[in-house]
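Enquirer: Take a look at this one; I'll ask things after.
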Amino acid sequence: MKSLRFVIILNTLFLSANLCAQDWNFIKEKNGIRIYTRTPEHSAFKSFKGETVYHSTMARLSQYIGNVKNFNWWDKNIRELKMLECEPGKHVKYYFVYKVPWPFNDRDLCVEVFINYDSLKGEKTVSAKPLTGVVPERKGIVRIKNYWQRWTLQTINENTVHAVLEGSVDPGGNVPAWLYNMVITETPLNVMGTIKSKVEKPDTP
């Protein structure tokens, strides 16, 4: 009886974990990019997920995703960007300052990025998290402290890659959650759409 009870408890925990992992809510689809959001347990700020298929190669996508030397396609609202440390193809540390519309203060973020590629699985991940104690906070700029983002790229065939971009940001300061949640879906749409326009256009002779 005790063994049966233990198995039931394990199954219940497993089911609960799966339910928690499947709580993304589909919001919309645009230009082949499917957008989802969910509200984390301990935050009013929604997380986002974008999912799409790139008709391109992993090598070409890697010119943009995880390439520490290519900043041209990044968010136009970044007013400052500094690379603090770099191990190409593996690890990089950045410092950003984001331009934010009035009446809110600009935001900055110190971030650590880890890049992994499994050639056997044809899978690449680029994961980012906040980096603390490196760059002092600046007057008039709100430091983003709660943040994560992850790219997962999976090769389907030679010219097709499935991509997922997930993330969450607590902007801090006086930004109301309802306002942030109204615009958060634009993040994966803009980022994934910009890359799609670059990697899927025909090569020029």
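The values are calculated or read from the model by the stated rules, or taken from the named source; none is laboratory data. Values in this document were obtained by computation on a predicted structure and should not be read as measured data. Because the Cβ atoms are built from the backbone with ideal geometry, glycine has one as well, and the counts that use them run over all protein chains shown. Ligands, DNA and RNA are stripped out before the accessible areas are found, and what is left, the full protein with its side chains, is counted by its heavy atoms. Shrake-Rupley method; radii C 1.70, N 1.55, O 1.52, S 1.80 Å.
Enquirer: Among the listed pairs Lys90/Lys129; Lys93/Lys139; Lys90/Lys145, which are separated by more than 18 Å between their Cα atoms?
Expert: Numbers: Lys90/Lys129 14 Å; Lys93/Lys139 22 Å; Lys90/Lys145 23 Å.
Pairs exceeding the cut-off: Lys93/Lys139; Lys90/Lys145.
Enquirer: Quick check on region 52-108: take the gyration tensor over C-alpha atoms, sort the square-rooted eigenvalues as a ≥ b ≥ c, and tell me if it's rounded (a/c under 1.5), prolate or oblate.
Expert: oblate
Enquirer: With all protein chains present, calculate the accessible area of Arg138 using a 1.4 Å probe and round the result to the nearest 10 Å².
Expert: 90
Enquirer: Also, I was wondering about something else. Can you list the residues, at least 5 places off or on another chain, whose amide H is less than 5 Å from the amide H of Gly89, using H built in the peptide plane?
Expert: Correct list: Val68.
Enquirer: How would you rank 165-172, 41-48, 122-129, highest first, on the average number of other Cβ atoms within 10 Å across their residues?
Expert: 165-172, 122-129, 41-48
Enquirer: For the chain, what is the mean residue ellipticity at 222 nm derived from helices alone (per DSSP H run of n ≥ 4: -39500 (n - 2.57); sum divided by total residues; nearest 500 deg cm²/dmol)?
Expert: After summing the helix terms and dividing by residue count, I get -6500 deg cm²/dmol.
Enquirer: How large is the translational diffusion coefficient of region 109-205 in µm² per second when you combine the Kirkwood radius over alpha carbon pairs with Stokes-Einstein at 4 °C and 1.567 mPa s? Please list the in-between numbers first.
Expert: Working: Rh = 16.0 Å.
After rounding, the answer is 81 µm²/s.
Enquirer: Continuing with the same structure: So if each residue of separation counts as 0.36 nm, and I subtract the Cα-Cα distance between Leu120 and Ser43, what length gain in nm does that give?
Expert: Separation in residues times 0.36 nm, less the Cα-Cα distance, equals 24.0 nm.
Enquirer: Oh, and also: Residue by residue through region 77-91, which ³J(HN,Hα) values in whole Hz follow from phi under the Karplus form 6.51 cos²θ - 1.76 cosθ + 1.60 (θ = phi - 60°), with glycine and proline marked x?
Expert: Computed from phi, the couplings for region 77-91 are 7, 7, 9, 9, 8, 10, 8, 8, 7, 8, 10, x, x, 9, 7 Hz.
Enquirer: Taking only Cα atoms and a 10 Å spring cutoff, compute GNM fluctuations for the chain and point out the largest among Val134, Val68, Val161.
Expert: Val134
Enquirer: So, one more: Remind me, relative contact order of region 24-158 in percent, using alpha carbon pairs under 8 angstrom and six or more residues apart?
Expert: Relative contact order, region 24-158: 15 percent.
Enquirer: Once the Cα gyration tensor of the chain is diagonalised, what are the square roots of 5 times its eigenvalues, in whole Å and ordered largest first, as equivalent ellipsoid semi-axes? Kindly include the intermediate steps, with their values, before the conclusion.
Expert: Numbers: eigenvalues 170, 132, 67 Å².
Semi-axes, largest first: 29, 26, 18 Å.
Enquirer: Could you give the semi-axes, largest first, of the ellipsoid that matches region 118-157, computed as the square roots of 5 times the alpha carbon gyration tensor eigenvalues and rounded to whole Å?
Expert: Its equivalent ellipsoid spans semi-axes of 34, 10, 6 Å.
Enquirer: When the Karplus curve 6.51 cos²θ - 1.76 cosθ + 1.60 is applied with θ = phi - 60°, which whole-Hz ³J(HN,Hα) does each residue of region 165-176 get, with x for Gly and Pro?
Expert: Per-residue couplings from phi come out as 10, 10, x, 7, 9, 9, x, x, x, 9, 6, x Hz.
Enquirer: Another question, if that's okay. Note down the relative contact order for region 95-205 as a percent, whole number, built from C-alpha pairs under 8 angstrom at least six residues apart.
Expert: Worked out over region 95-205, it gives 19 percent.
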